[in-house]
Amino acid sequence: MKNKTPIKNIIAESYLLRRSYVSDDLEKSLDNLAKYTTASFTDHRFASGTEFNGWVVPKKWNVIKATIHHKGKLIYDGMHHPLAVITQSDSFEGTVSLNELKKHLYYAPNHPDAIPFHFRLSYRAWQNDWGFCVPKTLFDSLKAGDYVVSLQTEHTMGDMVVREFVIPGKTEEAIMFVAHTDHPGMCNDDLAGCAVGVSLLDEIKKKFPNNHYTYKVLLVQEIMGSVFYLSRLSEKEIKKIKYGLFLEMLGNDNSLNIQKSLQGTTYIDTVSQLALHTVGEETRICEFREAAGNDEIVFEAPGIEIPMPSLSRWPYSEYHTSNDNLELMHEDKLQESLNYLIELVFILENDMMLKRKFTGLVSLANPKYDLYIDPGQILDNTLGQNFRQTNFQYRMPNYLNGEHRISDLALEFGIDFKWLHQYFSKMAEKGLVEFKR
Ligand SMILES: [Zn+2]
């Protein structure tokens, strides 16, 4: 078990691989990631050309040579970085004018020294094109004249591999964490999500040995992997995935953000917001699709309808450029993201429906209960620092009707879940309340 490896090292190992959707490098990154968990996994394979709802699995793709010469001098070698040739580019050999060449060059306006991520062809198996991604500084410096392009790529039949890790629980009801493995040459988007997700698995095994829920980490090709993975599940299997959480962009220097599910008020929305309070982050919560958009639209699609909020540190300016590199990754932010997820699992595992076993008002101060929260000075109207808790104790009894969970009260009263869980556990010990799932 190697869960003590810094998460940044897990990212470092795979980020420069040419992880196009169907590629040896993507499978290599999956094997790299799998080294950091003892959880078992299943690979789901989808052959190139497979079609579902108009989505087509691309061909296996690799780059062999990618040079541009001008007046006999090499001005660009697209082998230096996995983003330097557009993903799924065709081969091209020939001499072109500057104007023609520029139609096949892409740059990042806000990061003139970086190169952008061009991914469109991965989603358009029916479209053919060739191209390079270059620094804007190079693009701007090109002089009129002829350019000799030698771009050799290979398209062959292969399998798109989606890897599903699982920790079985007492129930088959599953919580699914999803992250995407593609995006060659970048870290935050989204190897960061994959590395944190994989790191979570053994933490769950260690910290929650009698876990109630089944936990899954699904590593996909963005949108496409999720579409095809779900296309093979029966209605019954889809129903077992109770809730999801998308993990993305978890290592840059920004606070955590929860983007709510489509409905916005589901159980996983409550839990994901509460976990944010518990890690003490500045609270950033937004509506569906107001932050980074990912595979939540696949899981929330009609007929599937698995609520899927998204955890990220969006926004960051290096997005979709080669500057989304290791320098952007902060180990403390990655660890904080992992801690957030451990809190989330703690809430899921310990959350209970509350049903009172008393009628009328109970004297909580009686030593046999010892549950009264003392407001402090008897005539101090400010009630000290524990206003929320003292206020909570007067209103709480009427919520104990078997229809509210601990998490509902934590959100309603703005109180830390762990504190409330301890309080109600004590109430349960004193025979005042009973827990139900
Ligand atoms: Zn992206």
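The values are calculated or read from the model by the stated rules, or taken from the named source; none is laboratory data. Computed from a prediction, not measured in an experiment: that's the story for all the values here. Glycine also receives a Cβ, built like all others from the backbone with ideal geometry; neighbour counts cover every protein chain displayed.
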Task: Residues of the range 64-90 satisfying the condition of being surrounded by 21 or more Cβ atoms within 10 Å (Cβ to Cβ), within 24 Å of MET157 (Cβ to Cβ) and of a type in the set (A, V, I, L, M, F, W, C) - done: ALA66, VAL85, ILE86
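Test HIS111 against the criterion of being within 30 Å of SER310 (Cα to Cα), within 16 Å of the ligand (Cβ to nearest atom) and either assigned to a loop (DSSP other than H, G, I, E, B) or touching a residue at least 40 places away in the same chain (Cβ under 8 Å) (or both), and give yes or no. Let's see the steps before the verdict.
Working: within 30 Å of SER310 (Cα to Cα): yes; within 16 Å of the ligand (Cβ to nearest atom): yes; either assigned to a loop (DSSP other than H, G, I, E, B) or touching a residue at least 40 places away in the same chain (Cβ under 8 Å) (or both): yes.
Yes: the conditions hold for HIS111.
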Open item on the list: As an exercise: evaluate GLY193 against (1) surrounded by 20 or more Cβ atoms within 10 Å (Cβ to Cβ); (2) in contact with a helix residue (DSSP H, G or I) (Cβ under 8 Å, 6 or more places away or on another chain) and give the number of the one condition it does not meet.
Closed with: (2)
Task: Scan of the range 331-368 for residues that are touching a strand residue (DSSP E or B) at 6+ places or on another chain (Cβ under 9 Å), closer than 30 Å to VAL198 by Cβ and either in a strand (DSSP E or B) or polar (S, T, N, Q) (or both), ordered by number - done: SER337
TODO: Looking at (1) outside any helix (DSSP H, G or I); (2) buried (at least 18 other Cβ atoms within 10 Å of the Cβ); (3) of a type in the set (A, V, I, L, M, F, W, C); (4) at pLDDT 95 or above, find the lone condition where ALA301 falls short.
DONE: (2)
Open item on the list: Looking at the range 313-331, I want the residues that are more than 13 Å from the ligand (Cβ to nearest atom) and have a partner that is at pLDDT 95 or above and basic (Lys, Arg) with Cβ atoms under 9 Å, at least 6 apart or on another chain. Which pairs are those?
Closed with: ARG313/LYS333; LEU326/LYS8; MET329/LYS8; HIS330/LYS8; GLU331/LYS8
TODO: At least 2 residues that are more than 29 Å from LYS59 (Cβ to Cβ) and away from the ligand (no atom under 15 Å from the Cβ) in each: list the helices (runs of 4 or more DSSP H) lying fully within the range 157-267 that qualify.
DONE: 191-207, 235-240
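When you go through LEU311, LEU371 one by one, which is the residue that is among the aliphatic types (A, V, I, L, M) and more than 30 Å from LEU233 (Cβ to Cβ)? Don't jump to the end; show me each part of the working.
On the way: LEU311 fails: more than 30 Å from LEU233 (Cβ to Cβ).
Only one candidate passes the filter, namely LEU371.
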Task: Unmet requirement for GLY185, which otherwise passes all of (1) crowded, with 24+ Cβ neighbours inside 10 Å; (2) on the phi > 0 side of the Ramachandran plot - done: (1)
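Return the residues of the range 137-156 that are assigned to a strand (DSSP E or B) and surrounded by fewer than 18 Cβ atoms within 10 Å (Cβ to Cβ); say none if nothing qualifies. Steps first, please.
Of all residues in the range 137-156, those assigned to a strand (DSSP E or B) come to 146-156.
Matches in the range 137-156: ASP146, VAL148, SER150, GLN152, GLU154, THR156.
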Task: In the range 125-154, the residues that are under 31 Å from the mean Cα position of the chain (by Cα) and free of Cβ contacts under 8 Å to residues at least 12 places away in the same chain - done: GLN127
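So which residues in the range 246-264 are in contact (Cβ under 8 Å) with a residue 60 or more places away in the chain and touching a strand residue (DSSP E or B) at 6+ places or on another chain (Cβ under 8 Å), if there are any at all?
Step one: of the range 246-264, the residues in contact (Cβ under 8 Å) with a residue 60 or more places away in the chain are 246-254, 256.
Answer for the range 246-264, where residues must be in contact (Cβ under 8 Å) with a residue 60 or more places away in the chain and touching a strand residue (DSSP E or B) at 6+ places or on another chain (Cβ under 8 Å): PHE246, LEU247, GLU248, MET249, LEU250, LEU256.
Any idea which residue in the range 28-85 is nearest to LEU200 (Cα to Cα), counting only those that are in a strand (DSSP E or B) and of a type in the set (Val, Ile, Thr)?
To start, the set of residues in the range 28-85 that are in a strand (DSSP E or B) comprises 40-47, 51-52, 55-56, 60-70, 73-77, 85.
Pick out the ones that are also of a type in the set (Val, Ile, Thr) and you get 42, 56, 63-64, 67-68, 75, 85.
Working: THR42: 17, VAL56: 32, VAL63: 34, ILE64: 37, THR67: 42, ILE68: 44, ILE75: 44, VAL85: 34 Å.
Taking the candidates together, the pick is THR42.
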TODO: Could you check, for the range 118-136, whether at least one of its residues is part of a helix (DSSP H, G or I), surrounded by 15 or more Cβ atoms within 10 Å (Cβ to Cβ), at negative phi and more than 16 Å from the ligand (Cβ to nearest atom)?
DONE: yes
Task: Extreme residue, surrounded by the fewest Cβ atoms within 10 Å (Cβ to Cβ), among residues of the range 265-295 that are free of Cβ contacts under 8 Å to residues at least 60 places away in the same chain and among the acidic types (Asp, Glu) - done: GLU282
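Among GLU349, GLU403, GLU429, GLU343, which is at pLDDT 95 or above, under 29 Å from LEU311 (Cα atoms) and loosely packed, with under 14 Cβ neighbours inside 10 Å?
Going through GLU349, GLU403, GLU429, GLU343 in turn, just one is at pLDDT 95 or above, under 29 Å from LEU311 (Cα atoms) and loosely packed, with under 14 Cβ neighbours inside 10 Å: GLU403.
For residues that are more than 15 Å from the ligand (Cβ to nearest atom) and in contact with a strand residue (DSSP E or B) (Cβ under 9 Å, 6 or more places away or on another chain), tally how many sit in the range 282-299.
Total meeting the criteria: 8.
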